Amino acid sequence: MKTVKDYIRTIPDFPHAGIMFRDVTTLFADPRGFRMAVDQLLHPYAGADIDVVVGLEARGFILGGAIAHQLGRGFVPIRKAGKLPGAVIDQPYQLEYGEAVMEMHDDAISAGQRVLVVDDLLATGGTAEAGIRLIERLGGAVVGCAFVIDLPELGGRTRLEALGMEVHALCAFEGA
């Protein structure tokens with residue numbers, strides 16, 4: 001029987017030499033693989049008190065939208081700077097090669113809402129931490145962070161757990 005990890009393609013030396021890119025588009029393209037991933041991501045949160053699902057740009061939109069639909073909850077995107085049309089709040093964060101900024105509409109989360117954060121990959125945790133900071137600035141409470149892939153050597157899980165976050169990942173790959 002195939003696992004979620006079996007559907008993920010590895011592309012060597014993308015986007016830079018020495019990087020083993022974990023490509024989830026092959027997972028998304030397979031109906032069984034995609035359903036398996038969505039079901040396994042939402043399983044720990046089925047029946048949990050969640051008001052809204054947040055997806056981190058960009059593959060988190062695909063997963064987060066599907067999970068929100070299955071849970072019967074709303075979906076909120078957190079995007080790279082300059083992509084949202086309304087009034088936003090922003091959060092800078094560090095990348096391996098510089099700095100970036102994530103944004104969220106300033107009315108996307110209400111104080112007290114319980115939020116599930118979803119993305120495809122947890123590497124250093126910088127993007128997820130920026131998303132968590134945005135949610136918390138609007139008064140939301142993050143109840144969990146769900147990822148398809150964890151890259152443990154890059155320390156993202158440890159970083160998020162140090163913030164008090166519950167982290168759920170479907171599979172892990174060694175190396176960067």
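Bear in mind these aren't lab numbers, they're just calculated from the coordinates by the rules spelled out. The model shown is predicted, which means the values in this text are computed figures rather than measured ones. Quick reminder, even Gly has a Cβ in these numbers, built from the backbone with ideal geometry, and neighbours come from all protein chains shown.
Reported to the nearest whole Å, the Cα centre-to-centre distance from region 28-48 to region 74-130 is 22. The mean sequence separation of alpha-carbon pairs under 8 Å and at least six residues apart, normalised by the residue count of region 47-172, gives a relative contact order of 23 percent.
Couplings 3J(HN,Hα) of region 25-37, computed from phi: 5, 5, 5, 5, 6, 9, x, 5, x, 5, 4, 4, 4 Hz, in residue order, whole Hz [Karplus 6.51 cos²θ - 1.76 cosθ + 1.60, θ = phi - 60°; x for Gly and Pro].
Beta bridges from DSSP with both residues in region 1-135: antiparallel share about 60 percent, rounded to the nearest 5.
Given +1 at the Cβ of Lys and Arg, -1 at the Cβ of Asp and Glu and no other charges, the dipole of region 73-176 around its Cα centre is 320 debye to the nearest 20.
Along its principal axes, the chain has C-alpha extents of 41, 38, 31 angstrom, given from the largest down.
In the chain, helices alone account for a calculated mean residue ellipticity at 222 nm of -8000 deg cm²/dmol, with every DSSP H run of four or more residues adding -39,500 (n - 2.57).
When the chain is treated as a GNM with alpha-carbon contacts under 10 Å, the residue of 58, 146, 123 showing the greatest mean-square fluctuation is 58. Across region 92-108, computed HN-Hα scalar couplings (Karplus, 6.51 cos²θ - 1.76 cosθ + 1.60, θ = phi - 60°) run x, 8, 8, 9, 4, 10, x, 10, 9, 9, 9, 9, 9, 4, 6, 10, 6 Hz from first to last residue, x flagging Gly and Pro.
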